[in-house]
Amino acid sequence: MEKLLEVKNLEVSFQTYGGTVKAVRGVSFDLHKGETLAIVGESGSGKSVTSQSIMKLIPMPPGRISGGQILLSGEDIVPKTEKQMEKIRGKEISMIFQDPMTSLNPTMRVGTQIMEVLVKHQNMSKTDAKNRATELLRLVGIPMPEKRVNQYPHEFSGGMRQRAMIAIALAANPKLLIADEPTTALDVTIQAQILELMKDLQNKMDTSIIFITHDLGVVANVADRVAVMYAGQIVEMGTVDEIFYDPRHPYTWGLLASMPSLENDEKAELAAIPGTPPDLTNPPKGDAFAARNQYALAIDFEEEPPMFQISETHFAKTWLLHPDAPKVEPPAAVKKRMRQLSSTFEKPVLVKEGK
């Protein structure tokens, strides 16, 4: 498969009164044409900063891409000026933000906001752009698009506003769509509809997607591959099957165990990862997750682990994968969750029942 995007050793920092926050630390990944990559992790793990850096949307200053490359179709966009990026945003890369009400202009009709993209990047006349805007609203499932195209954002429901945001993002047929927690502000029913819509649109338009979320449950039916982020680094990466049914990093185990399930005992407490993420103005020595990791080894507090390769597509950044490390199994709560997920999504379970 042809690579659309390659991120190599990306470093992003922010200058604050408390010091320099190293928000993204040596992140590397790639994305193929037509593929969906989910980036998951707790709040503050660096997911959104990574995605916004790809579009160079982080405020500079105080933000700064301090190292690495972002190759879009083989061309590094890090050195590009703001004027050059204006030609890329919307046309090559588009973004769906978490809260459409803060992204849509409340003083402009929804159709006009879609038309702006079409006129700028597709050189359409206003008449053609309005017709296309109506078609896009119909494509994303908004009823009566001929009427809705003339309405303002406040006349749309939350789900409809998010659909309108998707229409704007897809207007110029971008190669890459970045969805930054696009369903967090929506209720569960609308969330499922938006996720299904994005899958359907991707199949029709062959767009590559980076899906940012803190919710592993959202990932299962959306992504092809998953990157798990912690403290500004990718700590595990693999296919959906590998992350859900053969996770290797203790942080991934914690995320899986903390997923709510309808099958959980109503009296049982929801699992949580103890502690809090580290202060990235002064990143800890060794493995950043060591202080919260019940399986931490002595070396975790002294030396940062490398990224170990488990399979052709599966990698994890933990000393537990070193040949000399003790063999540690995922906790019982994680294995139970893996079995539940296997039943839900009809996937093979890679865990033996007796363990």
Could you tell me how many of the residues in region 28-69 are in contact (Cβ under 8 Å) with a residue 60 or more places away in the chain, over 16 Å from the mean Cα position of the chain (by Cα) and at negative phi?
2
Residue among 169, 192 that alone is in contact with a strand residue (DSSP E or B) (Cβ under 9 Å, 6 or more places away or on another chain) and either of a type in the set (S, T, N, Q) or assigned to a helix (DSSP H, G or I) (or both):
169
Got a number for residues in region 224-243 being farther than 21 Å from residue 10 by Cα and either of a type in the set (S, T, N, Q) or surrounded by fewer than 24 Cβ atoms within 10 Å (Cβ to Cβ) (or both)?
5
When region 282-291 is checked residue by residue, the ones that are surrounded by fewer than 18 Cβ atoms within 10 Å (Cβ to Cβ), under 16 Å from residue 251 (Cβ atoms) and touching a helix residue (DSSP H, G or I) at 6+ places or on another chain (Cβ under 9 Å) are 284, 291
Within region 1-54, which residues are surrounded by fewer than 16 Cβ atoms within 10 Å (Cβ to Cβ), in a strand (DSSP E or B) and of a type in the set (S, T, N, Q)?
9, 15, 16, 20
Between a first residue in region 94-108 that is under 29 Å from residue 5 (Cβ atoms) and a second residue that is open to solvent by less than 60 Å² (accessible area, probe 1.4 Å) and of a type in the set (Lys, Arg), which pairs have beta carbons less than 6 Å apart while being 6 or more apart in sequence or on different chains?
100/161
Here are some conditions: (1) modelled with pLDDT under 90; (2) part of a strand (DSSP E or B); (3) among the acidic types (Asp, Glu). Residue 236 meets all but one. Which one does it not meet?
(1)
Among 120, 91, 80, the single one that is out of contact with any Pro (no Cβ under 7 Å at 6 or more places or on another chain) and open to solvent by 80 Å² or more (accessible area, probe 1.4 Å) is 120
Show the residue pairs that are 6+ apart or on different chains and have beta-carbon atoms under 9 Å apart, the first residue being within region 254-274 and at pLDDT below 65, the second being assigned to a loop (DSSP other than H, G, I, E, B) and surrounded by 10 or more Cβ atoms within 10 Å (Cβ to Cβ).
264/270
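Report whether or not residue 278 is in a loop (DSSP other than H, G, I, E, B), more than 19 Å from the chain's Cα centre (by Cα) and surrounded by 13 or more Cβ atoms within 10 Å (Cβ to Cβ).
Considered against the rule, which asks whether it is in a loop (DSSP other than H, G, I, E, B), more than 19 Å from the chain's Cα centre (by Cα) and surrounded by 13 or more Cβ atoms within 10 Å (Cβ to Cβ), residue 278 comes out as yes.
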Can we say residue 182 is in contact with a strand residue (DSSP E or B) (Cβ under 6 Å, 6 or more places away or on another chain), of a type outside the set (A, V, I, L, M, F, W, C) and over 21 Å from residue 305 (Cβ atoms)?
yes
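State all residues of region 8-26 that are touching a Ser or Thr at 6+ places or on another chain (Cβ under 6 Å) and either under 16 Å from residue 235 (Cβ atoms) or of a type in the set (A, V, I, L, M) (or both); if no residue qualifies, say none.
We begin by selecting, within region 8-26, every residue touching a Ser or Thr at 6+ places or on another chain (Cβ under 6 Å); these are 8-9, 11-13, 18-22, 24.
Answer for region 8-26, where residues must be touching a Ser or Thr at 6+ places or on another chain (Cβ under 6 Å) and either under 16 Å from residue 235 (Cβ atoms) or of a type in the set (A, V, I, L, M) (or both): 9, 12, 21, 22, 24.
The values are calculated or read from the model by the stated rules, or taken from the named source; none is laboratory data. Remember, predicted model here, so these are calculated numbers, not experimental data. Methodologically, a virtual Cβ is constructed for each residue, glycine included, from the backbone with ideal geometry; neighbour enumeration extends over all protein chains shown. The area values use the complete protein model at the heavy-atom level, side chains included, leaving out ligands, DNA and RNA. Shrake-Rupley method; radii C 1.70, N 1.55, O 1.52, S 1.80 Å.
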